[in-house]
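Asks: A single structure is presented below for examination.
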């Protein structure tokens with residue numbers, strides 16, 4: 001952790017802790033009842049027709065929901081400064097804390113896979129800041145990066 005993050009931790013306690021520490025363990029989220037704040041510090045990726053309207057529309061993935069959940073878990077594990085805060089495998093839902101490089105600001109990311117048929121699934125991916133009104137587009141860039149990485153993980157080996 002940088003000296004700036006330690007100093008900032010005097011004002012914003014969650015900035016002074018490593019990993020997922022300093023934040024309460026996230027409870028399971030009912031993504032169907034998701035309410036976004038008025039502040040521009042969130043990003044939502046979800047299927048077309050999802051409410052609230054997503055910033056990024058996700059496709060229907062032609063894999064089972066458990067496989068999609070495992071793939072998003074692998075994507076999250078490969079991201080820098082990303083720590084699992086909670087996992088609810090029975091809901092195919094995971095929560096992560098992502099720390100900024102310099103100030104150690106925590107952002108929260110939630111992902112949930114849902115079955116959309118026998119071998120099809122959809123994904124809701126929601127990233128949001130803990131502190132601040134704006135995020136300079138960081139959450140949307142994160143969602144887009146995770147979705148691009150997910151495509152690579154799900155791509156058949158012969159197409160790589």
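The values are calculated or read from the model by the stated rules, or taken from the named source; none is laboratory data. Everything quoted here is computed from the prediction, not taken from an experiment. Glycine also receives a Cβ, built like all others from the backbone with ideal geometry; neighbour counts cover every protein chain displayed.
Asks: When you go through 143, 97 one by one, which is the residue that is assigned to a strand (DSSP E or B), at pLDDT 95 or above and either in contact with a helix residue (DSSP H, G or I) (Cβ under 7 Å, 6 or more places away or on another chain) or surrounded by 22 or more Cβ atoms within 10 Å (Cβ to Cβ) (or both)?
Replies: On the way: 143 fails: assigned to a strand (DSSP E or B).
After ruling out the rest, the residue left standing is 97.
Asks: Answer yes or no as to whether residue 134 is out of contact with any helix residue (DSSP H, G or I) (no Cβ under 8 Å at 6 or more places or on another chain) and within 23 Å of residue 2 (Cα to Cα). Give the derivation first.
Replies: Numbers: out of contact with any helix residue (DSSP H, G or I) (no Cβ under 8 Å at 6 or more places or on another chain): yes; within 23 Å of residue 2 (Cα to Cα): yes.
So residue 134 fits the description; yes.
Asks: If you scan segment 76-93, which residues turn out to be buried (at least 19 other Cβ atoms within 10 Å of the Cβ) and either touching a helix residue (DSSP H, G or I) at 6+ places or on another chain (Cβ under 6 Å) or at positive phi (or both)?
Replies: So the first thing to find is which residues in segment 76-93 are buried (at least 19 other Cβ atoms within 10 Å of the Cβ), and the list is 76, 82, 85, 92-93.
The answer is 82, 92.
Asks: In segment 64-75, which residues are surrounded by 17 or more Cβ atoms within 10 Å (Cβ to Cβ) and either free of Cβ contacts under 8 Å to residues at least 40 places away in the same chain or touching a helix residue (DSSP H, G or I) at 6+ places or on another chain (Cβ under 7 Å) (or both)?
Replies: Correct list: 71, 72, 73, 75.
Asks: Quick one: in segment 37-60, which of the residues that are surrounded by 13 or more Cβ atoms within 10 Å (Cβ to Cβ) and farther than 25 Å from residue 151 by Cβ is farthest from the chain's Cα centre (by Cα)?
Replies: 40
Asks: Any residue at all in segment 67-77 that is modelled with pLDDT of 95 or more, under 16 Å from residue 130 (Cβ atoms) and within 14 Å of the chain's Cα centre (by Cα)? Quick ask: steps written out before the conclusion?
Replies: At the first step, the residues of segment 67-77 found to be modelled with pLDDT of 95 or more are 67-77.
With under 16 Å from residue 130 (Cβ atoms) added as a condition, the list becomes none.
No, the conditions are met nowhere in segment 67-77.
Asks: Under 7 Å between Cβ atoms, which residue pairs at least 6 apart in sequence (or on different chains) link something in segment 84-105 that is over 25 Å from residue 136 (Cα atoms) with a partner that is at pLDDT below 95 and buried (at least 17 other Cβ atoms within 10 Å of the Cβ)?
Replies: From residues that are over 25 Å from residue 136 (Cα atoms), the pairs are 86/26.
Asks: Are any of the residues in segment 78-89 modelled with pLDDT of 95 or more, under 17 Å from residue 25 (Cα atoms) and out of contact with any strand residue (DSSP E or B) (no Cβ under 8 Å at 6 or more places or on another chain)?
Replies: yes
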